[in-house]
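Each remark here refers to the structure printed beneath this line.
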Amino acid sequence: MVKTKGNAKKFGMHPRNVLRQPPDYTKLAIKYKDFRKECELELNGKVSVNFRNENTLRELTKMLLKEYFDLNVDFAPGSLVPTLALRLNYILWLEDLMEPLKLKEIKGIDIGCGSSCIYSLLGAKKNGWHMLALESKLQNIEYARENVKKSQLEDLIEVYAQPEKTSIFKSYFEKDQQELQYHFCLCNPPFFDSNLSNPFGGNTRNPERRPAPNNARTGSQEELTCVGGEVRFVQRIIDESLENKLRVRIFTTMLGVKANLPRILDYLKERQVANVTTTEFHQGHTTRWAVAWSFHAELLSQERSCS
């Protein structure tokens, strides 16, 4: 059964998101000197944060990961700097999807972990999940492995170097002699279509209904673009999911463009995938959409909201 969400105005951050209550940046600036250097002191004695500055975002995310989760993270130069609130919303939704399974041990796959490896780190640190983090860019792999090591999560996270950028699960599953089964996969796919003459020039939002995001755009072209953009990337995940129905119980992905959601749902329908659910992630002026599908009839039987 395909389920979709209603009016976005009904939804906020996930109720368990620790950032639902805005952090006290003044107190945090006193505690973390590297973050303090990026803050501006106002006349009232409080600090302000310039979200349009890439280095400020870098120190902000590093500080929040340390403050809330005791994670020690750094980012490769020029790589994507993830916003914590959005990533937490995704992890919390996965928790909701996993909860009915009542599993003692959960194994997940992080498709394209980036240099931060943030999803795998959060899943392992917060929930004790065993994570397989897939990444194809060498610099990102090196940073991701170092972040796992610094956070002392090597027993829970494997960062696997993808030999083929076009492969999702194939290369790892072919070498996996144990044929391990995973309970979910997650993905934050490349947003933009590299086929376009100006991949970053398109307007993907209605400015009257959704104000522009406050945050600066970060990330390398390789992280932000691919042939066909997020639609083609997610279609590849769907195609490979059909070949690996028994290896992953629940497949999920995030989408950055609302108009792409019906295109993905139509593609799932064309492939005769009927067990599908969707949700929305809201944080500030930014909205993202997520899709989950499964080839196990008993899963995804109830709509799982992230609000």
* **Matching residues in region 142-156 - criterion: being over 19 Å from VAL81 (Cβ atoms) and either crowded, with 16+ Cβ neighbours inside 10 Å or under 17 Å from the mean Cα position of the chain (by Cα) (or both)** => LEU153, LEU156
* Asked: Residue check: is LYS66 crowded, with 16+ Cβ neighbours inside 10 Å, among the basic types (Lys, Arg) and over 16 Å from the mean Cα position of the chain (by Cα)?
  -> yes
* Within region 270-285, is even one residue aromatic (Phe, Trp, Tyr), at pLDDT 90 or above and in a helix (DSSP H, G or I)? -> no
* Got at least one residue in region 105-124 being farther than 24 Å from ILE168 by Cβ and either of a type in the set (D, E, K, R) or touching a residue at least 60 places away in the same chain (Cβ under 8 Å) (or both)? -> no
* **Positions within region 250-302 being small (Gly, Ala, Ser), buried (at least 16 other Cβ atoms within 10 Å of the Cβ) and either over 17 Å from the mean Cα position of the chain (by Cα) or within 20 Å of PHE169 (Cα to Cα) (or both), in sequence order** => ALA290, ALA292, SER294
* Given the structure, is ALA124 surrounded by 22 or more Cβ atoms within 10 Å (Cβ to Cβ) and not charged (D, E, K, R)? -> yes
* Does ILE238 count as touching a residue at least 12 places away in the same chain (Cβ under 8 Å) and surrounded by 21 or more Cβ atoms within 10 Å (Cβ to Cβ)? -> no
* Assess whether SER194 counts as being surrounded by fewer than 18 Cβ atoms within 10 Å (Cβ to Cβ), in contact with a strand residue (DSSP E or B) (Cβ under 6 Å, 6 or more places away or on another chain), at pLDDT below 90 and of a type outside the set (Asp, Glu). => yes
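Rundown of residues vs (1) within 28 Å of GLN235 (Cβ to Cβ); (2) in contact with a helix residue (DSSP H, G or I) (Cβ under 7 Å, 6 or more places away or on another chain); (3) surrounded by 22 or more Cβ atoms within 10 Å (Cβ to Cβ), yes/no style:
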{"position": "LEU94", "(1), (2), (3)": "yes, no, yes"}
{"position": "SER115", "(1), (2), (3)": "yes, yes, yes"}
{"position": "ASN140", "(1), (2), (3)": "yes, no, yes"}
{"position": "TYR172", "(1), (2), (3)": "yes, no, no"}
* To do: Output yes when any residue across region 177-184 is surrounded by fewer than 19 Cβ atoms within 10 Å (Cβ to Cβ), touching a helix residue (DSSP H, G or I) at 6+ places or on another chain (Cβ under 9 Å), in a strand (DSSP E or B) and touching a residue at least 12 places away in the same chain (Cβ under 8 Å), and no when none is.
  => no
* To do: For region 149-158, enumerate the residues that are over 19 Å from TYR90 (Cβ atoms) and without any contact (Cβ under 8 Å) to a residue 60 or more places away in the chain.
  => LYS149, GLN152, GLU154, ASP155, GLU158
* Structure fact -> All-but-one check, VAL159 against (1) outside any strand (DSSP E or B); (2) at pLDDT 95 or above; (3) within 17 Å of the chain's Cα centre (by Cα), failing number (1)
* Considering every residue within region 52-72, establish whether at least one is in a loop (DSSP other than H, G, I, E, B) and more than 22 Å from LYS149 (Cβ to Cβ). => yes
* LEU43 being within 18 Å of the chain's Cα centre (by Cα) and either modelled with pLDDT under 90 or surrounded by 14 or more Cβ atoms within 10 Å (Cβ to Cβ) (or both) -> no
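The values are calculated or read from the model by the stated rules, or taken from the named source; none is laboratory data. What you are looking at is a predicted structure, and each value in this text was computed from that prediction instead of being measured. Reconstructed Cβ throughout: ideal geometry from the backbone, glycine too, with neighbour counts over all protein chains shown.
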